[in-house]
Each structure stands twice: as structure tokens, then as C-alpha cells.
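The values are calculated or read from the model by the stated rules, or taken from the named source; none is laboratory data. Just so you know, these numbers come straight off a predicted model, no measurement behind them. Please note: Cβ atoms are built from the backbone with ideal geometry, for glycine as well, and neighbour counts cover all protein chains shown.
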Amino acid sequence: MFAALAGYFSTADQARAWGVYLPGLPEKVLTSLADEDVVFYILKQTHEPLFRMDDGDNFSSRVLKNWSRSVDSSKYVFCPDTAQRFDGKRNFSLDFFETYLADVTRRYSQDFTILRTGECLNVSFKKRKAGYLNFLTKYTNAPTLGISRDMELGLGPFLTESIGKENIVLKRKKSVDKGYDRITLFEYADSSVDLNRKDLRDFNRIPFGALPEAVSERFISFESIPLKSTGLIITSPDKTSREILYNCFDISGFRQAAFPDAKHRFSQSPNSHIFQAGQDLNRNVVSASRHWAG
């Protein structure tokens, strides 16, 4: 009865539900399993790491009010946003944060101290620890609160409501005006599954050829050609012989032999226009250098 209610919604609920098929459902959703693809997909909804590096360069945090680090990256100050909540009953308290931070820092280094100053924590290392913040961006190290052997609560916008063989249900902690309040994850076992469900929103994990026509016609698709490479080792001990063989080698013929199904792709020398442009650029640079020297 519960599984049926969790998997199928009324018309009103469908408008605020996000359904997705995944290649297999995990039995547990824990931060320690964040390296697993589907678990990681879920954790990105239910958990929030201490730090983010969204632009690939600068650190930011959604769970800290303030933070700082010393110039030599040996001292850090973290001030948690204690208004954050794991659920309706448990908040992100300073006491919890202190215990969590000590545990996660210990995984990174044994040589540290933590001191509480007001509503902040000071972490000090005896020497430079430039990789510490990057370590704290990993979902395996995100703040988490275990509620059972199978589930943990995080500081993300959703919490795991149920884990079953038929589906996994995530519920938004606080409803929003524009967005989904519920995410239901189904297992994509084969093409017999119902892809015409009205609450199915995410098709990214489903093979394109298995998509219903009504869905696939909304997208422009193309075949992704995997990059391949091969190598040839000339084992002759004589350097002259190796040079003769190498210089007489037909590269296009070698490619055709290595990749016979892609013969039509080598009808002309690959990247010839790029090579010619490079030659022209080299000539221009040499000419400019001579002019400057003269």
C-alpha cells in the first residue's frame, strides 16, 4: 500500500513530483557510499558538503555563516549556520558541528587541534595543509546524521523518506513555490518499464533508444563517437632501421587497419587544415621575430 502511494501521485501531486529511472537502486544511502554513482545522485539532493568549489577555483559554503584561513593554510576558522536543519526535530548545532569537524578532520590528519571561540571553531595544524578545504568538499565528508543502518540525514533540501525495492522517495524539507517537493527514483531494469508515467521528469539515465517517441522527438540527438587510440612499437635494435620504418610508415593505412569500421573517416589527412594553419602561424612568428631583430 505504501509503495503504491509513494510511486503514484494524484494529478495535483504530479505537478510537483520529479520521477527518475536509474540503473539499479541502492539498499542504503550513506555518505560512506558516495563513490557509488546512484548513491551520489541521491546525496546531492539530501546532503550539503561543508564547502563547494562550483567554479572549480574558489571555495564557498552554504552551511557556514563565516569562515577564514591563514595565509599559510595552517589555521582555519569555521562559524556554522545553526539555523540549518537535518529535519524538523534536529538542527545543525554547534555541539554537533564540533563533534563532526573533529571526526572528519581526523580522517585528513592526526596532527591538529580544535578550539571553540564563541560561536565558531578554530582548527589549527602544525604545518601547511593547503588541501584541507578541498577535502571538505567531498560528499563522503559532508555533515551527516545517521538515523538507521540504511539512511542518513544531511543538510541538503531533501531527506530520504523511504527506501524500498520498487522505489526510493525523497521529500523536500520545506516546500517551495517553484520546484519539486518530492523525488521518486525507480529502477530501470529493461525496456518493459513504463516510460510514459506523467511524473517522470528525468530521462538522462535512460538509453536514448528506449525513450518513448513523444519524449525523444523533443530532443536533438547525435551519436557520440568514443575516442580510440592504438600504438605501434618498432623493436628493431638498429636505430637506422627503426627510422626507415617509421618514416616510410603509412599513418592512414595504419588507422584503417586498427579501426576497420571507421575507414570512411580517413579519406583525407586528419587535421590537415589545422596543420596548415600552424605552419602559417610559425612562418608569421619567424618573420615578425626577424623584423624585430633587424
Could you grab me the full set of residues in region 99-155 that are modelled with pLDDT of 95 or more, over 22 Å from residue 66 (Cα atoms) and among the β-branched types (Val, Ile, Thr)?
140
I need the full set of residues from region 169-199 which are at pLDDT 80 or above and aliphatic (A, V, I, L, M), in order please.
169, 170, 176, 183, 185
Tell me the residue from 66, 58 that is more than 19 Å from residue 173 (Cβ to Cβ), touching a residue at least 40 places away in the same chain (Cβ under 8 Å), surrounded by fewer than 19 Cβ atoms within 10 Å (Cβ to Cβ) and polar (S, T, N, Q), please.
66
For region 145-166, enumerate the residues that are surrounded by fewer than 21 Cβ atoms within 10 Å (Cβ to Cβ) and among the β-branched types (Val, Ile, Thr).
147, 163
So which pairs qualify, if the first residue must be in region 96-113 and under 12 Å from residue 132 (Cβ atoms), the second must be modelled with pLDDT of 95 or more and in a helix (DSSP H, G or I), the Cβ gap must be under 6 Å, and the two must be at least 6 apart or on different chains?
104/141; 108/135; 112/105
Condition first: within 18 Å of residue 102 (Cα to Cα) and touching a helix residue (DSSP H, G or I) at 6+ places or on another chain (Cβ under 7 Å). Now tell me which residues in region 137-161 satisfy that.
139, 140, 141, 142, 143, 144, 154
So in region 14-39, with the set limited to residues that are surrounded by fewer than 16 Cβ atoms within 10 Å (Cβ to Cβ) and not in a loop (DSSP other than H, G, I, E, B), which one is farthest from the chain's Cα centre (by Cα)?
32
The residue that is farthest from residue 50 (Cα to Cα), considering only those in region 73-95 that are in contact (Cβ under 8 Å) with a residue 60 or more places away in the chain and assigned to a loop (DSSP other than H, G, I, E, B), is 88
Sole miss for residue 210 among (1) at pLDDT 70 or above; (2) more than 30 Å from residue 185 (Cα to Cα); (3) of a type in the set (Gly, Ala, Ser); (4) surrounded by 10 or more Cβ atoms within 10 Å (Cβ to Cβ) is condition (2)
